[in-house]
There are 2 protein chains.
Amino acid sequence: MRKSLHLHVVTWHRTLTKTLHFHSFSSPPSCTFLGPNLPDVWVPREDNTSPHTLLPEKFQWANDGHSAAILEGKAIAKQIKLKVADEISRMKTEIGKFPKLAVVLVGDRRDSHTFIHIKLKACEKVGIETVVSELPENCTENELLDVVSSFNDDKDHLDEERIVNVVSPEKDVDGFHPLNIGNLAIRGRKPFFIPCASKSCIELLLRHGVEIKGKRVAIIGRSKIAGLPTSLLLQRHHATVSLLHAYTKNPEQITSEADIVIADVGIPNIVRGNWIKKGAVIIDMGTNQVKDPSSQVFRITGDVYFEEAVKVASAITPVPGGVGPVTISMLLSNTLDSAKRAFGMV
Amino acid sequence: MRKSLHLHVVTWHRTLTKTLHFHSFSSPPSCTFLGPNLPDVWVPREDNTSPHTLLPEKFQWANDGHSAAILEGKAIAKQIKLKVADEISRMKTEIGKFPKLAVVLVGDRRDSHTFIHIKLKACEKVGIETVVSELPENCTENELLDVVSSFNDDKDHLDEERIVNVVSPEKDVDGFHPLNIGNLAIRGRKPFFIPCASKSCIELLLRHGVEIKGKRVAIIGRSKIAGLPTSLLLQRHHATVSLLHAYTKNPEQITSEADIVIADVGIPNIVRGNWIKKGAVIIDMGTNQVKDPSSQVFRITGDVYFEEAVKVASAITPVPGGVGPVTISMLLSNTLDSAKRAFGMV
């Protein structure tokens with residue numbers, strides 16, 4: 001488990017997107033940047049292997065044969081992708097242009113490669129062109145800036161003081177620019193883009209008929225790409241949000257009071273069945289690569305101990321097949337939106 | 001009580017600041033904007049007049065003669081003001097310039113006038129020049145933009161599409177621009193300015209030796225000028241924050257679990273003694289003007305029922321004399337910082 005955590009902490013995983021003119025390069029460049037993902041250092045609890053010990057009786061994982069509804073993401077993702085593909089097709093016909101996504105990968109982290117492969121395949125299917133640049137883990141900031149600049153035709157918009165400012169908020173398909181995060185935090189304002197994982201979370205809840213307004217939500221983990229923006233987005237939807245992190249002294253207690261639990265920790269199976277209130281809805285954002293000791297094969301596992309949680313929750317997303325595919329489809333959708341804005345189609 | 005709430009909802013209260021060159025107007029203009037304060041519509045609970053009924057025994061307001069420490073703000077405010085005055089004095093001597101604060105007041109809300117009078121007096125004492133523009137409540141956006149523009153020499157920086165974008169984040173002494181809010185939300189980033197009320201809250205906690213890291217915090221109310229940014233700031237200080245609002249179904253239950261309670265509701269005395277965990281620290285951001293039925297005189301009262309809360313909390317800010325004066329001093333401090341940045345002194 002520590003190995004997976006370690007990987008999350010030390011590696012940078014950066015995504016850049018660019019929307020290019022089809023025949024010439026005269027259209028506004030579109031380029032985005034996903035900053036280093038440095039989640040809190042969560043230490044797996046020693047008592048993590050023995051459930052039933054943390055909370056009073058009423059919070060304990062039930063053994064009565066109940067099984068939660070599974071919030072599948074694949075069907076939702078498919079619908080979104082079909083819509084995106086259709087719009088891109090029309091864009092090509094009408095103005096002869098289409099979106100392009102540029103991905104810059106720093107370091108050779110295994111799961112980054114996996115995710116990027118999935119993203120590229122998804123782009124290809126809907127008609128988004130892709131280009132990938134790989135840089136070594138120890139690359140300098142200037143080397144990275146050079147790559148970003150090479151994707152950016154309009155040098156006037158570059159602010160080389162800080163890498164992230166290279167990306168204009170209108171092209172920030174990851175929704176990660178502080179201006180977009182600020183406009184997400186403040187009610188009544190509209191960010192250009194909302195982070196894909198957060199949109200995926202809301203999409204899964206709403207499409208499965210889960211009411212958010214007035215519900216108590218525990219978000220476990222405050223990564224910049226998932227937990228933090230999701231806390232802001234759910235607050236905008238009038239949930240009462242508690243944001244838990246590595247400094248939280250009793251995450252299982254606060255989690256056990258929540259109607260909706262969002263896990264974004266980066267440690268496989270850390271959220272146990274006895275953390276969950278009976279009937280709660282669980283969104284598992286974890287995508288941890290765990291090596292099977294017998295077969296030596298890597299498999300993706302979530303932050304929630306699924307086999308326990310499914311017995312007490314009313315609904316739960318599977319990993320893989322829950323948040324992941326919907327998040328990918330949101331990246332496609334955001335990329336399309338960016339292209340439409342650049343081409344004056346909105 | 002409803003009257004006070006109503007006033008909070010319908011009136012705009014905008015602050016603009018400008019940093020001007022002393023002898024000429026060649027220095028960069030400094031201009032900020034505080035958006036409309038539209039808090040949630042909180043309805044005073046019917047059972048608000050009878051404490052002891054909401055929570056189980058252990059949460060009840062104690063009657064054992066205990067009295068919380070009073071977290072006085074005046075002394076802290078005085079220290080900050082002295083420091084600001086000293087720096088402005090040196091600025092005048094060294095470069096012959098000083099900061100100037102412009103306030104634009106829309107509508108004739110009583111408490112806005114009161115607060116602005118306090119701000120102007122505080123500015124005068126530390127050497128910040130002030131100018132006030134008053135506009136009627138029903139003024140158009142363009143009329144307001146004209147006033148903002150009249151304070152802004154550098155027309156090139158104006159984006160008249162949306163009023164708030166008129167203010168450049170570097171001059172936003174209220175810390176209210178979405179770029180500043182976004183940089184406040186994201187760990188590792190540094191906003192140019194942090195909202196004054198939120199800074200006041202942290203200042204009061206830290207100067208009175210209250211540890212924030214790992215503490216459970218309930219923030220009741222999510223106004224753009226206080227509750228929301230304070231939730232972001234306390235999260236940055238590693239508190240476990242729950243943000244409560246008008247859609248929260250059981251605010252007293254969640255509040256009763258908190259080590260630190262921040263009240264930003266806008267309803268006098270809504271937070272009762274039995275909402276408070278024994279030993280909790282209470283920061284009361286409420287500044288409600290209540291008319292005394294006998295004397296017909298207005299007095300300022302907080303959101304917390306002080307006489308009850310003082311018996312169960314370990315420490316509590318008074319209203320007036322707690323958050324208010326420190327907030328004013330933070331506005332002075334932010335204005336000084338803006339001037340220093342404009343004059344290249346940082």
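Couple of notes before you dig in:
- Residues of the range A:178-210 classified as farther than 17 Å from residue B:222 by Cα, touching a residue at least 24 places away in the same chain (Cβ under 8 Å) and either within 7 Å of another protein chain (Cβ to nearest Cβ) or aliphatic (A, V, I, L, M) (or both), total: 6
- Residue count for the range B:224-234 under the criterion of being at the interface with chain A (Cβ under 8 Å from one of its Cβ atoms) and either surrounded by fewer than 23 Cβ atoms within 10 Å (Cβ to Cβ) or at pLDDT below 95 (or both): the result is 1.
- Odd one out for residue B:174, checked against (1) within 10 Å of chain A (Cβ to nearest Cβ); (2) acidic (Asp, Glu); (3) out of contact with any strand residue (DSSP E or B) (no Cβ under 6 Å at 6 or more places or on another chain): (1)
- Residue that is of a type outside the set (Gly, Ala, Ser), in contact with a Phe, Trp or Tyr (Cβ under 7 Å, 6 or more places away or on another chain) and touching a residue at least 12 places away in the same chain (Cβ under 8 Å), where the choices are B:217, B:261, B:271: B:271
- Residues within the range A:240-256 that are of a type outside the set (Val, Ile, Thr), in contact with a strand residue (DSSP E or B) (Cβ under 6 Å, 6 or more places away or on another chain) and within 8 Å of chain B (Cβ to nearest Cβ), tallied: 3
- Once the range A:175-208 is narrowed to residues that are of a type in the set (Phe, Trp, Tyr) and surrounded by 21 or more Cβ atoms within 10 Å (Cβ to Cβ), the residue that is farthest from the chain's Cα centre (by Cα) is A:193.
- Here the range A:122-171 is the region considered, the condition is being among the charged types (D, E, K, R) and under 16 Å from residue A:107 (Cα atoms), and the residue that is modelled with the lowest pLDDT is A:141.
- When B:346, B:310, B:290 are checked against the criterion of being over 22 Å from residue B:178 (Cα atoms), surrounded by fewer than 23 Cβ atoms within 10 Å (Cβ to Cβ), at pLDDT below 95 and touching a strand residue (DSSP E or B) at 6+ places or on another chain (Cβ under 7 Å), a single residue qualifies: B:290.
- Of the numbered criteria (1) touching a Ser or Thr at 6+ places or on another chain (Cβ under 8 Å); (2) closer than 21 Å to residue A:76 by Cβ, the one residue A:258 fails is (2).
- Against the conditions (1) modelled with pLDDT of 95 or more; (2) on the phi > 0 side of the Ramachandran plot, residue A:296 satisfies every one except (1).
- Residue that is crowded, with 24+ Cβ neighbours inside 10 Å and touching a strand residue (DSSP E or B) at 6+ places or on another chain (Cβ under 8 Å), where the choices are A:263, A:315: A:263
- The range B:211-223, subset farther than 16 Å from residue A:257 by Cβ and touching a helix residue (DSSP H, G or I) at 6+ places or on another chain (Cβ under 8 Å), residue nearest to the other protein chains (Cβ to nearest Cβ): B:222
The values are calculated or read from the model by the stated rules, or taken from the named source; none is laboratory data. Computed from a predicted structure; not experimentally measured. Because the Cβ atoms are built from the backbone with ideal geometry, glycine has one as well, and the counts that use them run over all protein chains shown.
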